[in-house]
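Read-outs: derived from the displayed coordinates by stated rules, not from any lab. These numbers were taken from a predicted model, which means no experiment stands behind them. All Cβ positions, even for glycine, are placed from backbone atoms using ideal geometry, and neighbour counts span all protein chains on display.
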Amino acid sequence: MRAGFIFSEVWIGLRRNATMTIALIVTVAIGMALLGIGMMINTQVSSAKNYWTDKVEISVFLCQKNSPFDNCKGKGGITQAQKAKLEQQIKAMTEVERVEFEDQAQAYENFKQQYANNSVLVAATRVEDMPESFRIKLKNPENYGNVIETLQKAEGVSQVVDQRKIVDNFFGFLGTLRSSALIVALIQVFAAILLIGNTVRLSAYNRRRETAIMRLVGASNLYIQAPFVLEGMVAGLIGGVISGFMLVAAKIVIFDGMQNYLVAAARMTWEDVAIVIAFTMAVGVLICVIASFVTLRRYLKV
Amino acid sequence: MIHFNNVTKTYPNQNRPALDRVSVDVDKGEFVFLVGPSGSGKSTFLRLILREEKPDSGTIHVAGKDLSRLSNFKVPHLRRRIGCVFQDFRLLPNKNVYENVAFALEVIGKPRRFIRKVVPEVVELVGLEGKAHRMPHELSGGEQQRVAMARAFVNRPMILLADEPTGNIDPATSIGIMKVLDRINRTGTTVVMATHDAAIVDSMRKRVVELEDGRIVRDQSRGVYGQAY
């Protein structure tokens, strides 16, 4: 196998079809970048979901002095007696697995940790601003309706928040984003396959004399087909590298930006990104090689 | 070297066979003219030797191989033992003489050192010494055909097939082409040449196989183009 000879043929072929090659590279790059973004969203969702699944709980926020909520207006803060009574009431419910009381200091600590990236927000918030709350973990998270309804009416309760709702909204948004990215990626892959078909046809036409002579002097099929397949492979590889850069940019711009709103445990690492890039590049090259090889049989008699 | 036994070939959508029960033997080192009017089956005969086509019935042996039992995978190896020359030269227009000849060796994976050694020898054998770096369009028709012959012969094939090699060349130049073919034949290479050129056939006095409507109507050693004259 004369590698140098074959690569010079590939280079000539790519240059002859420059416009087609560029179109192919761009299509592959965009398609693979979107596939990668879809995968990154997936990774993000699953790591965030893992984190949230054991965190999800019902928060019963308590009234303080000057609470702006309707339930507390004109009543001042919650009294110790009311607090004790409320705790008894919660513990008596059959749906409840356990309940914890979170005071202002603790709430402030959690807040600081959660918004560690957002120093302005942390600096502007004082311990006294934080609400006290009961954190309720349910035996079965599906049975939240009755608990919320009862506690909402209790004395001294400002607001009952089911975190599942917030989390579900967030995941729902990510899910839509992922589906759209994957659908567009699929369209791009389809377009890439058609483009490869066209590129191979042009290549086969441009090289028809060479191919005819190669057949005649007994070049093996491998030698005849290699330049075509390698052309597809090189285009796929270049497209993959470009999509790699796009994914790095996506990690910095989209995901790191979004992660200001996520806790550290649910953040995507560069390792995750590297895996996604490697995978999308492999998929891009593979699609190009397979598409070249299949269309080759239509336009090249060997 | 080439052995046809009762070979029949009919192309799809044709009601008359291109070759009809043809049996012929060509020995190693022979020089054979294949003559006959257009459409008599000469090209089909050559294409069957190259296994560009498969016969409908009958057996073909080339260089000791039964072509009907040769897998597609091994066809390239068969073709490496057969050189081909055509009426229209089939050179690569963007490669010079040396590169055109070297191409035939590059695509079968010969090492560069070997190519550098043998290509100049063959270019000299066909009488193109000093013109190795000319492009095909700078050469006359006769010179271009010499390049094609150099390419066909550079891998030292056992068989050289020539399909009307003098068809595009004037009679005076054709003599030079025939001299090169004769020189190649003298190295022990079997030559089969399809032609319409009566003057050349008559002057060479080699074996003549005449085809008509796909059948062999004459097989004569030291023959002439037509019996009528």
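Structure values in brief
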read-out	value
Three-way shape label, the range B:1-66, alpha-carbon gyration tensor, a/c 1.5	oblate
Alpha-carbon gyration tensor eigenvalues x 5, square-rooted, for the range A:116-236, Å	67, 19, 12
Residues with amide H under 5 Å from that of B:SER57, placed H, sequence gap 5 or more	B:THR8
Descending Cα extents along the principal axes, the range B:84-229, whole Å	51, 28, 26
Alpha-carbon gyration tensor eigenvalues x 5, square-rooted, for chain A, Å	64, 17, 13
Cα-based Rg of the range B:102-176 normalised by 2.2 N^0.38 Å, two decimals	1.13
Charge dipole (the range A:55-162, unit charges on Cβ, about Cα centre) - positive-most of A:GLN106, A:GLN152, A:GLN80	A:GLN80
Compactness of the range A:183-302, expressed as Rg and Dmax over alpha-carbon positions, Å	19.4, 67
Per-pair calculated FRET efficiency, R0 = 30 Å: B:ASN13 and B:HIS61 via Cβ, rounded to 0.05	0.55
Relative contact order (%) - the range B:1-115, alpha-carbon pairs under 8 angstrom, separation at least six	24 percent
Coarse-grained scattering of the protein assembly as shown at q = 0.06 Å⁻¹, given as base-10 log I(q)/I(0) from a Debye sum over alpha-carbon atoms	-0.53
Cα-based convex hull volume of the range B:151-224 per residue, rounded to whole Å³	104 Å³
Helix-only mean residue ellipticity at 222 nm for the protein assembly as shown, each DSSP H run of n ≥ 4 adding -39500 (n - 2.57), per residue, nearest 500	-17500 deg cm²/dmol
Hull shadow area, averaged, the range A:55-162 [alpha-carbon convex hull, nm²]	7.0 nm²
Spherically averaged projected area in nm², based on the convex hull that wraps the Cα atoms of the range B:1-140	10.7 nm²
Angle between chain A longest axis and helix A:3-16 axis [Cα atoms, degrees, rounded to 10]	80 degrees
Residue among B:GLU212, B:GLU106, B:GLU30 with the largest mean-square fluctuation in a Gaussian network model of chain B, springs linking Cα atoms under 10 Å	B:GLU106
Pairwise FRET efficiency - A:ALA282 versus A:SER119, Cβ, R0 = 41 Å, nearest 0.05	0.55
